[in-house]
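Asks: Below you will find the structure I want to go over with you.
The values are calculated or read from the model by the stated rules, or taken from the named source; none is laboratory data. It should be emphasised that the depicted structure is a prediction, and the values quoted were computed from it without experimental measurement. Cβ atoms come from the backbone with ideal geometry, glycine included; neighbour counts cover every protein chain shown.
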Amino acid sequence: MVTLDHAGSPRGMARSRSRGVQRLAVAVAALALLGLFLAYAEASLNGYRQQLVTLVAINAIIAVSLTLTSGFTGVFSLGQIGFLAIGAYTGALLTIAPQWKSEMFLPGLPEWLATLDLSAWPEQAALLVACVAGGGLAALVAALVGAPLMRLSGHYVAVATMGFLIIVQAVAINWEGVTRGARGLSQIPGLTGLWVAYAWVVVTVYAVWRLRASSFGRAMIASRENLIAARAIGVDVLRKRLLAFVVGAFFTGVAGSLLVHQIGTAAPSAFYFTTTFNVIIMVVLGGMGSISGAVVGATILTLAPEYLRDVEDGMDLGPLSFGAHYGLAQIILAVGFILVMIFRPQGLFGDREVGPALLGRFRPGRRRPAGLSPDATPTLAPGVDEIPADDRSRTG
Amino acid sequence: MSSGLIAETTEGRPASTGEPILRAAGVGRAFRGLQALADYDLDLRQGEILGVIGPNGAGKSTLFNVITGFLRPTSGRIVFHGREIAGLPPDKITALGIARTFQNIRLFAGMSVLDNVRTAQGMRGGAGFWETIFSAPSFLRKERAIEERALEHLAALGLADLHGVPATSLPYGLQRKLEIARALATEPSVLLLDEPAAGMNAQETADLTQLIRDLHARFGLTVVVVEHDMSLIMRLCERIQVLNYGRVIASGTPAEIRADPKVIEAYLGADETPDMALPTVDGRQQTHEESM
């Protein structure tokens with residue numbers, strides 16, 4: 001038997017139990033803090049600011065989903081926003097009141113959907129149905145689309161998933177009888193509030209974190225780090241990628257439904273390249289493999305433009321005064337991203353998480369063995385990345 | 001040809017320690033006309049240690065890639081525990097019980113030593129999706145079992161104390177051992193080692209030889225070793241196959257191989273003379289203390 005105080009021995013067990021208690025305590029404290037913050041935001045922030053804080057939550061859900069789909073597996077998906085659109089339209093069509101549906105003239109809707117009236121339901125129950133249906137349909141589509149696409153790697157999968165996004169966009173614009181084309185759907189009831197948005201953030205973060213800290217997550221990271229070795233130890237790469245793709249699509253679909261029930265409209269232009277790249281920047285900025293990084297990235301990218309808008313208007317700092325320079329906000333943000341990528345190409349968090357006590361042993365004990373110099377840089381053994389061309393051709 | 005070899009190798013050699021576990025018959029692999037492996041036959045018996053040697057480009061790595069599913073054989077059959085495995089994907093073959101290491105070390109770079117092994121360990125007995133999502137007690141129990149077993153495999157390679165270190169911060173020799181620990185964590189019955197002693201000095205190679213022997217006994221393994229280092233091959237293996245230009249040109253005990261003129265010619269022809277005189281009978285019996 002292994003003589004380690006780490007696990008196996010009674011001391012190790014006791015320690016891991018106390019670590020579990022500690023982790024629970026940190027989780028409860030974090031939730032309490034979140035609750036306090038939301039209560040404060042609800043009581044003292046104006047309507048616009050509350051919407052902004054809600055938007056942070058929605059973007060965080062999308063970014064955390066993309067962290068699962070692309071960050072853990074290394075499968076760079078440009079199609080995530082396609083699932084946002086599917087969730088958005090699905091949710092909207094479920095909750096828009098029947099009289100508005102007939103007013104907007106949507107002949108493509110099946111009878112039951114055209115007459116479906118959830119307005120008599122409790123608001124949050126209707127929103128829950130809209131979110132779960134939107135997420136569910138997105139997940140279903142992801143399973144169908146992912147089965148062939150997840151066999152691909154590298155830029156092939158990026159281009160192929162972008163193809164999926166383009167198809168979704170084309171359908172949204174041209175399926176006028178259901179989506180009302182480029183004009184989009186309106187009169188979507190404003191059911192999304194602060195609390196429900198953050199409840200979904202908690203659910204998303206929890207689910208993705210549980211996957212990360214399990215055999216699923218380790219297998220996903222392994223296939224990202226070394227595809228050949230992952231297959232050699234028995235990882236069914238296609239299945240693991242598909243799981244990440246489908247679960248990511250589910251939560252992105254949920255976010256789509258939350259989004260349209262906040263802003264009240266669903267138009268195709270909101271679900272295209274601009275949004276795609278915004279979310280990718282959130283995830284890359286935070287660190288491709290980090291859940292907390294995705295949340296931080298989403299927060300920065302949602303709030304920074306708002307605060308930088310004041311800078312654009314010009315300001316007066318005692319002896320220094322700046323006139324108005326429009327476009328400055330984007331330039332400052334872009335320079336910020338460039339600096340991060342130059343000085344921290346792995347993103348703010350890399351693969352790491354904040355609060356290791358809360359988030360478990362993502363990176364077990366950092367202690368180094370005697371005889372290894374502390375400055376031993378983690379370099380790969382020679383030839384570690386040479387993949388024979390023939391191996392590469394067999395991914396699926 | 002194939003039946004001839006199988007019949008020949010089942011004769012009462014000292015190596016014959018058990019039932020046939022992995023059979024290959026007439027296996028070939030061509031790359032656009034280049035025959036990297038041709039008419040390859042194998043009758044691997046339970047518990048033996050087989051060495052595969054040959055000059056560079058002789059088809060040794062192709063052989064491993066074909067057995068483990070990374071390459072589809074263009075001809076022939078491979079039967080493992082009575083089941084045809086030619087053409088199965090690598091993960092399925094690993095699940096059936098064949099594990100391998102790589103000539104070029106392939107660790108999971110961003111992971112700790114423990115996580116490298118734990119990932120492999122989790123491929124057997126890992127929790128299901130819903131158990132995982134809800135952190136069910138069964139999930140926690142399975143995770144704990146995976147971690148304990150992974151630590152046992154690390155300990156077997158002398159790496160338990162280093163479990164928390166980033167895998168790529170290990171010195172080269174220990175990275176090779178970590179790859180072996182990771183392969184063992186898939187709980188294989190057959191272990192394929194692709195040049196395990198590459199880049200090691202004589203003392204390290206001697207230690208590794210002893211270590212492989214220990215693991216072979218402890219885990220009841222059947223081992224196939226591809227190696228250039230003749231001292232390791234001659235000390236470790238009961239039976240050796242020599243490949244040249246994708247074909248087996250000789251097969252037999254270390255003593256037979258050393259005396260085989262075809263082998264000497266193949267190596268001389270390749271301008272690569274193995275130091276075959278070095279390992280004597282004494283050398284094979286010599287034991288090396290674990291220096292870890």
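Asks: Kindly check whether there is at least one residue in region B:156-172 that is under 14 Å from B:PHE219 (Cβ atoms) and in contact (Cβ under 8 Å) with a residue 40 or more places away in the chain.
Replies: yes
Asks: Something else about it: Return yes or no: is B:ALA58 among the aliphatic types (A, V, I, L, M) and outside any loop (DSSP other than H, G, I, E, B)?
Replies: So B:ALA58 does not fit the description; no.
Asks: Kindly state which helices (runs of 4 or more DSSP H) lie completely within region B:200-273 and contain at least 3 residues that are under 18 Å from B:PRO55 (Cα atoms), among the hydrophobic types (A, V, I, L, M, F, W, C) and over 19 Å from the mean Cα position of the chain (by Cα).
Replies: B:261-269
Asks: Which condition breaks for B:LYS177 when tested against (1) assigned by TED's automatic domain parsing to the domain that holds B:LEU236; (2) on the phi < 0 side of the Ramachandran plot?
Replies: Failing condition for B:LYS177: (1).
Asks: Does region A:80-137 hold any residues that are of a type in the set (Phe, Trp, Tyr) and either under 30 Å from A:PHE277 (Cα atoms) or not in a loop (DSSP other than H, G, I, E, B) (or both), and which are they?
Replies: Across region A:80-137, the qualifying residues are A:PHE83, A:TYR89, A:TRP100, A:TRP112.
Asks: Another one. Which ones in region A:4-29 are more than 30 Å from B:ALA156 (Cα to Cα) and modelled with pLDDT under 90?
Replies: A:VAL21, A:GLN22, A:ARG23, A:LEU24, A:ALA25, A:VAL26, A:ALA27
Asks: Something else: Kindly list the number of the only condition in (1) at pLDDT below 80; (2) surrounded by fewer than 18 Cβ atoms within 10 Å (Cβ to Cβ); (3) within 30 Å of A:ARG224 (Cβ to Cβ) that fails for A:PRO364.
Replies: (2)
Asks: While we're here: Inspect region A:245-259 for any residue being among the aliphatic types (A, V, I, L, M), within 14 Å of chain B (Cβ to nearest Cβ), touching a residue at least 40 places away in the same chain (Cβ under 8 Å) and not in a loop (DSSP other than H, G, I, E, B) and give the result as yes or no.
Replies: Yes, there is a match, as at least one residue in region A:245-259 is among the aliphatic types (A, V, I, L, M), within 14 Å of chain B (Cβ to nearest Cβ), touching a residue at least 40 places away in the same chain (Cβ under 8 Å) and not in a loop (DSSP other than H, G, I, E, B).
Asks: Tell me which residues, restricted to region B:101-138, are facing chain A (nearest Cβ under 7 Å), surrounded by 19 or more Cβ atoms within 10 Å (Cβ to Cβ) and more than 18 Å from B:THR168 (Cβ to Cβ).
Replies: Correct list: B:GLY122, B:MET123, B:GLY126, B:ALA127, B:THR132.
Asks: Still on this model: Could you tell me which of the residues B:ALA58, B:ALA95, B:ALA86, B:ALA30 is facing chain A (nearest Cβ under 9 Å) and touching a residue at least 12 places away in the same chain (Cβ under 8 Å)?
Replies: Within the list B:ALA58, B:ALA95, B:ALA86, B:ALA30, the selection yields B:ALA95.
Asks: I've got another one for you. Answer with yes or no whether B:LEU50 is in contact with a Leu (Cβ under 8 Å, 6 or more places away or on another chain), at pLDDT 95 or above, part of a loop (DSSP other than H, G, I, E, B) and buried (at least 18 other Cβ atoms within 10 Å of the Cβ).
Replies: Answer is no for this residue.
Asks: So which residues in region B:165-215 are more than 10 Å from chain A (Cβ to nearest Cβ) and among the β-branched types (Val, Ile, Thr)?
Replies: Scanning region B:165-215 gives B:ILE180, B:VAL190, B:THR205, B:THR209, B:ILE212.
Asks: Yes or no: region B:151-162 includes at least one residue that is assigned to a helix (DSSP H, G or I), more than 9 Å from every other protein chain (Cβ to nearest Cβ) and closer than 26 Å to A:LYS240 by Cβ.
Replies: Within region B:151-162, one or more residues are assigned to a helix (DSSP H, G or I), more than 9 Å from every other protein chain (Cβ to nearest Cβ) and closer than 26 Å to A:LYS240 by Cβ.
Asks: A further question follows. So which of A:ARG218, A:ARG151, A:ARG241, A:ARG212 is of a type outside the set (S, T, N, Q), within 14 Å of chain B (Cβ to nearest Cβ) and farther than 30 Å from A:ARG23 by Cβ?
Replies: A:ARG151
Asks: How many residues are buried (at least 24 other Cβ atoms within 10 Å of the Cβ) and assigned to a loop (DSSP other than H, G, I, E, B) when one looks only at region B:171-185?
Replies: 1
Asks: Sticking with this structure for a sec: Looking at A:PHE250, A:PHE277, A:PHE337, A:PHE273, which is the one that is under 20 Å from A:VAL141 (Cα atoms) and surrounded by fewer than 22 Cβ atoms within 10 Å (Cβ to Cβ)?
Replies: Criteria check complete, one pass: A:PHE273.
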